[in-house]
Amino acid sequence: MNWEQIYSHAKEWVNDAGAKIRLSFDKTLNIQTKSNANDLVTNMDKEIEQFFISKIREVYPDHKIMGEEGFGDTLGSLDGIVWLIDPIDGTMNFIHQQRNFAISLGVYENGVGKIGLIYDVVHDELYHASRGNGAYLNDKPLVPIKETPVKESIIALNATWVMENHRIDHNLMIPLVRDARGTRSYGSAALEMVFVAAGRVDAYLSMRLSPWDVAAGAVIIEELGGIVTNLRGEHLNFLSQDSLFAAKPGLHQSILKDYLKEGKW
């Protein structure tokens, strides 16, 4: 398998997709809802996913595709080569802010992450990695992730999880938020994961994400020595929704042990 060629094609297609999104900024979006009134999708989400699928099908017809908008394959396993695509991660931000969103593209072989690309379209920042070959921001190598104690950490965390909700006991999160140096929320799982990779935040927690939200970011973070699991400390299941906990080494273990061990995630 020519992974350098796949990597090159993926970067080319992500850049082309970003250009298409930038051209849409002065046009009227067709906005629809999915599972609820705040789960939004636009015509651009659908068009960008279909763009990727057409390219992949043309060049790699034997590869499988899992996409957020449902234009890919229905998969019962991750056997073979699978592309996991989120055409616009952070659609609400895309609609309301025209920033703080990203294209997320992961390529896996038999369940193992081989390539990850996350493109911050507005800032023209492409975070990318191929397994065993380092991770980059555009052409600049990202440095390996170093340990940080909780008291000196900035944690990406949606405020929803620190107030009463139906997914978790929010009281378990309060001590972590209290002890950390600060918290942030950006509204895009892909960006929050690459911010961990780039050292802009030290950890990212979420209670419920889909495989295409996290597949690319997991490759990039792990390539730099970070740790990506669910909130139980288990390997992610890229066939279903799960919680997510991405963090620097050391910090990941200490948060699991000291803050999350009592949780029913």
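Residues of the range 49-98 that are of a type in the set (D, E) and more than 19 Å from Y119 (Cβ to Cβ): E58, D62, D73, D79. If I ask for residues that are among the polar types (S, T, N, Q) and part of a loop (DSSP other than H, G, I, E, B), which ones from the range 223-257 would you list? Residues satisfying the conditions are N230, N237, S240, Q241. Test L256 against the stated conditions and say whether it is more than 23 Å from V121 (Cα to Cα) and in contact (Cβ under 8 Å) with a residue 60 or more places away in the chain. So L256 fails the test.
Quick grid of which residues meet (1) farther than 30 Å from Y7 by Cβ; (2) part of a helix (DSSP H, G or I):
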site: V143; (1), (2): no, no
site: E147; (1), (2): no, no
site: K151; (1), (2): yes, yes
site: A156; (1), (2): no, no
site: T160; (1), (2): yes, yes
site: E164; (1), (2): yes, no
site: I168; (1), (2): yes, no
site: N171; (1), (2): yes, yes
site: L176; (1), (2): yes, yes
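Residues checked against (1) acidic (D, E); (2) modelled with pLDDT of 95 or more:
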residue	(1), (2)
V177	no, no
G182	no, yes
V201	no, yes
L205	no, yes
D213	yes, yes
G217	no, yes
R232	no, no
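The one condition from (1) of a type in the set (A, V, I, L, M, F, W, C); (2) over 17 Å from L105 (Cα atoms); (3) at pLDDT below 95 that I154 does not meet is (3).
Residues are listed down the side, and each one gets a yes or a no for (1) at pLDDT 95 or above; (2) assigned by TED's automatic domain parsing to the domain that holds A216; (3) of a type in the set (D, E, K, R); (4) surrounded by 15 or more Cβ atoms within 10 Å (Cβ to Cβ):
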| position | (1), (2), (3), (4) |
| --- | --- |
| Y7 | yes, no, no, yes |
| E12 | yes, no, yes, no |
| S24 | no, no, no, yes |
| A37 | no, no, no, no |
| D45 | no, no, yes, yes |
| D62 | yes, no, yes, no |
| D73 | no, no, yes, no |
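Within the range 91-138, if we keep just the residues that are buried (at least 21 other Cβ atoms within 10 Å of the Cβ) and among the polar types (S, T, N, Q), the residue that is nearest to I221 (Cα to Cα) turns out to be S130.
The values are calculated or read from the model by the stated rules, or taken from the named source; none is laboratory data. Since the structure is predicted, the reported quantities are computational estimates derived from the model, not experimental observations. Virtual Cβ from ideal backbone geometry, glycine too; neighbours counted across all protein chains shown.
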